[in-house]
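The values are calculated or read from the model by the stated rules, or taken from the named source; none is laboratory data. This structure is a prediction, so every number in the text was calculated from the model and none was measured. Here the Cβ positions follow ideal geometry from the backbone for every residue, glycine too, while neighbour counts run over all protein chains shown. Note: areas computed on protein heavy atoms with side chains; ligands, DNA, RNA excluded. Shrake-Rupley method; radii C 1.70, N 1.55, O 1.52, S 1.80 Å.
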Amino acid sequence: MKAKAITLNVNGRRHQVTLFPNVTLLEALRDLNYTDVKNGCEKGDCGACAVELNGRIINSCLVLAWQADGARILTNAGLGTMESPHPLQEAFADAGAVQCGYCTSGMIIAAKALLDENPNPSETEIREAISGNLCRCTGYSQIINAVQMTAEKMMQQKAQE
Amino acid sequence: MTAKGKALPRLDLPPLRQVGRPLRRVDALGKAVGTTVYAGDFTMPDMLHAKVFRSSEPSAHIKQLNVNKARALPGVACVLTADDLPDGKLITDMPGQTGQERRKESDAPVLAARGVRFVGEPIALVAAETLAIAEQALKLIEIEYEVLPGVFDPLEAIKPGAPIIHKPDNIVASWKIRKGNAEAGLAAADLIVENTFRVPFIDHAYIEPEAGVAWMDDQDVINIRVCTQVVEHFRSIAQAVGVPHNKVHVRGTMIGGGFGGKEDITVEIFLALLTKETRRPVRLAYTREESILAHSKRHPFIITHRTGVKNNGRITGAKINMISDSGAYPYLSPYVLLYATVTSCGPYRIDNLTVDSVSVATNNPFASAFRGFGGAQAAVAYEQQMDEMAKALAMDPLELRKINYLKTGDFNAIGQQIKSAIWLEEEATQALAALGKKESVSDDAIKIGQGFATTMQSYGRIMWFHDTSRSWVGIEQDGTIVVRCGAPDLGAGQANSLCLIAAEVLGVSLTDVTFYNSDSAVTPLAGTTTATRQLYMSGNATLKAAKMVREVLLDRAAQHFREKPNNLDLADNKVFIKSDPQQWLSLADLSKMCAVDGLKLQHLALFAAPFADKLNPENLQGDIFPDFTFSAHAIEVAVDTKTGEITVLKSVGCHDVGRAINPIAVEGQIQGGSAQGIGYALMEEVQVRDGVTRTPSLSEFLIPTAKDLPTTRAIILESGTGVGPFGAKGIGEPALTPAAPAVANAVANAIGVRIHNLPLTPERVLAALDRAKRG
Ligand code: FES
Ligand code: FES
């Protein structure tokens, strides 16, 4: 097994890294200090490591870094900041959807993936969309509220434009 | 959504400006944008990576342990075994922590020396330049076991001749309640109902596995950055490592969920030993599998109720027997058993009561704290027993409960008088009303059932622990506020509540408060974030400290306005004359005036819970807890009698929280706690066969996903009678306790038969239906 130089485009930044083929995207991202991408199981069971890869949501623990060579990667921290949060991040904070916060980054990525496809999801559709993301704190209801609040807000904004 | 209580006897609560409003938590945005740094996210220059070598045998003598090859592996910085340690034990019996209840000689060793007692018991530690090298080193450790007979069932473990796990016998704790005359009570009954209920091992399954980083500093202090519910473990860590108490500094991080699983020491001692040995920073993060093997579990219990009742529904007497499986080491088993014993008969007045409880050592994973702390297991039994009695009497389950509920001023099972509000009847009525009519279904194979449970759960610690908390509040010269309090934040909003209390008292908005918490050396020690105690204890300490600052501010402002301090108030970042609010001064200017005068604008306050002496374990009569939260939960289920599958259709939790400091957070506790209760009832079980955990992942140990739950409606009542700040009671643990028995009662209502063991799996449902059919 030889290491290979690859390019990871994360949240609009380019990183050149030399990695062995067995390094997961999760490990690579965390090593690059994208620590908003969480490790909850490394087996695809919890969704805490979810990121967008070329616009599609994936569990980064199940993808090898080599497979992401050259791809566009978006993590929750790439969506917004404390000064200018993404509407989902804002809604999560306001709705009580954040308790311990460990599931939150993955949840927001899952919620974004849903809203990108379906700007006005039903409760059932939201539950379906986040069912791969475990949360042990909230019982999910306030997370669902946050997604609904965001959908409404984004639709209103669209209507005004 | 939140509903307020109707037509309830309300105390006059003080007018509050921020407490009770649904404000954004101070920690929420940082977590939402991914800025919050958790224990596993820290790295340091020159850092080593650690791994733990663990036992693969549940019961064995270690004949030989050879770590030479691992030590010789290039890149390995050190390998430690029990031989290298100062006879370290995991001792947490410290004054103010717990009450010296543990039996001598049964504490867990830091690393196993001569033998192992459970699969996953730590034996050796490795620190290496990379994680891959550390993992490789584990494979080079050679161990030879002499397998010994083990015991995996507490009922077997108490039989004569069973293998003894800790001398002199396997009973690691026992408690008794003796109240009135249970024999006579049972003899006076018209009907006696007896049932045995069982609950399994449960994993906390916080999404953040245990992690930490440790390093030595220029004072030779061992610094440990870790996710823990208890920064005060620094003393136990120091003792285990063999350094003075003031040479360990625990820097708690925001915690990715705890629920009791990060109450006992996890990675801390390992990190301390390795950094002390190598004098380099060391990181240790558990994988999910290791987390499930390494940390405590919720105790399995076997609980038998024998209850006598009159035809009119009045309970005349009861005998209750409880056996819990402590696993290989006792940890907090004696106290978990105590909680279960104290609440064994639920929120009911039973004057003739006998309870016998034991906690039994086995070669299973060790059990310790888990949200509910014995109270949850007790409730699963007593609330199902109430429904079974109602059924036997052909009485409405709520009617039967109403006849027997404790009332304010009554004495509970241990003879402790309950002084706060007991609104069980109201809670149950509201929860059932919110549930509404049963859904109707056309499919005959689907049976709909409704059930509820009403429970009591203490908040605050056992009074003989002599619990205290400290908090520091200061105002800056621009009028902003700083709160410093050692309370760890598990994610339930502990830090936010403290900030909110300070904001309320000092008349600033929540965004004007910054907090520092969870540090054993830098923030005032506030005790554990366990036992639903932080709002009560540190909330009261913060309230006290904030009031001290307020007094200084008002005195100085009184001079300025030539008014009495009583005629002034603080709000909107101003001090003003109540009768003439146009006359005001900004808090910034006021605090500058105070600074010029050299006044004390920072105050440290200590809050002490009421202390009591230890009770006689042979009868347990006296005061044990500061207060209790009384709760109801109602559930509607659909049971598919063809597949045995259960769907929760509706869920309502109704709790008197005394005072909702932050209603969104209270709702979140009720929804999140009940989700854990519903999981407990329907799917969660750490399966252990002959000491081996068969479910070491989140695809085997299943917790509810978003698709497994309906939205739990939270009905928040506020009696204002709690002993917390502004009359608050605790909600962290009480949120969970009634949900599981409510589900069990709903399922029994749906299918007409009782399943006595949790979880209520499809197989058990089908088997129960089968039994019922065969009569
Ligand atoms: S860490 Fe990737 S799914 Fe859990
Ligand atoms: S907020 Fe804690 S796991 Fe979701």
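For the reader, a short list of remarks on this structure follows.
- In this structure, residue B:608 and residue B:219 have a Cβ-Cβ separation that, at R0 = 41 Å, corresponds to a calculated FRET efficiency of about 0.85.
- Estimated from the Cβ-Cβ distance and a Förster radius of 51 angstrom, the FRET efficiency linking residue B:551 and residue A:158 is about 0.45.
- Average Cα contact separation per residue, chain A, under 8 Å, 6 or more apart, as relative contact order %: 22 percent
- Mean separation of Cα contacts under 8 Å, 6 or more apart, over the residue count of region B:680-749: relative contact order %: 25 percent
- Phi-derived couplings, Karplus 6.51 cos²θ - 1.76 cosθ + 1.60 at θ = phi - 60°, listed residue by residue for region B:119-127: 6, x, 4, x, 10, 8, 10, 10, 10 Hz, with x used for Gly and Pro.
- Per residue of peptide A:74-81, the mean number of Cβ atoms on other chains within 10 Å of the residue Cβ is 3.
- The modelled label-to-label distance between residue A:120 and residue B:403, using points 7 Å beyond Cα along the C-beta direction, is 5.5 nm.
- Hypothetical label at residue A:66: residues of region A:1-33 whose amide nitrogen lies under 12 Å (7 Å Cα-Cβ projection): A:1-6, A:19-24
- Each peptide in B:40-50, B:493-503 gets a packing score, the mean of other Cβ atoms within 10 Å over its residues, and the list from highest to lowest is B:493-503, B:40-50.
- Here the spin labels are modelled as points 7 Å beyond Cα on the Cα-Cβ line, and at residue B:766 and residue B:621 they lie 5.2 nm apart.
- Gyration tensor verdict on chain B (Cα atoms; rounded if a/c is under 1.5, prolate if a/b is larger than b/c, oblate otherwise): oblate
- For the peptides B:16-26, A:118-128, B:340-350, B:428-438, residues were scored by their other Cβ atoms within 10 Å and the scores averaged per peptide; the highest-first order is B:340-350, B:16-26, B:428-438, A:118-128.
- Extension reserve of the residue B:131-residue B:148 stretch, reckoned as 0.36 nm per residue once the Cα distance is removed: 2.8 nm
- Taking a point 7 Å from the Cα of residue B:560 along the Cα-to-Cβ direction, the residues of region B:583-604 with backbone N closer than 20 Å to it are B:583-603.
- Per-pair calculated FRET efficiency, R0 = 60 Å: residue B:578 and residue B:690 via Cβ, rounded to 0.05: 0.25
- For residue A:86, the solvent-accessible surface computed with a 1.4 Å probe is close to 30 Å², ligands and nucleic acids excluded.
- Taken residue by residue and averaged, Cβ atoms of other chains lying within 10 Å of the Cβ of B:207-215 number 4.
- Ligands, DNA and RNA left out, the 1.4 Å accessible surface of chain B is 50% carbon and sulfur atoms.
- Size of electric dipole in chain B: Cβ of Lys, Arg +1 and of Asp, Glu -1, about Cα centre, debye, nearest 20: 960 debye
- Each residue of region B:725-737 was assigned a 3J(HN,Hα) from its phi angle through the Karplus expression (A = 6.51, B = -1.76, C = 1.60, θ = phi - 60°), giving x, 6, x, 6, 9, x, 10, x, 7, x, 4, 7, 3 Hz with x at Gly and Pro.
- Ordering of A:45-51, B:248-254 by packing is A:45-51, B:248-254, highest average first (other Cβ atoms within 10 Å, averaged per residue).
- Added length on full extension, which subtracts the Cα-Cα distance from 0.36 nm per residue, residue B:181 to residue B:477: 100.1 nm
- Distance in nm between pseudo-label sites at residue B:466 and residue A:16 (7 Å out along the Cβ direction from Cα): 6.5 nm
- Ligands, DNA and RNA aside, residue B:584 has an accessible area near 130 Å² when probed at 1.4 Å.
- In chain B, Cα pairs under 8 Å separated by at least six residues give a relative contact order of 17 percent.
- Within chain B, helix-based [θ] at 222 nm, where runs of 4 or more DSSP H residues each add -39,500 (n - 2.57), nearest 500: -8000 deg cm²/dmol
- Per-residue HN-Hα couplings for region B:435-442 [Karplus 6.51, -1.76, 1.60; θ = phi - 60°; Hz; x = Gly/Pro]: 5, x, 6, 5, 4, 9, 10, 8
- Of the three principal axes defined by the Cα atoms of the protein assembly as shown, the extents in descending order read 83, 78, 61 Å.
- The calculated 222 nm mean residue ellipticity attributable to helices in chain A amounts to -11000 deg cm²/dmol, summing -39500 (n - 2.57) over DSSP H runs of n ≥ 4 and dividing by all residues.
- Built amide H within the under 5 Å cut-off of residue B:627, gap 5+: B:459
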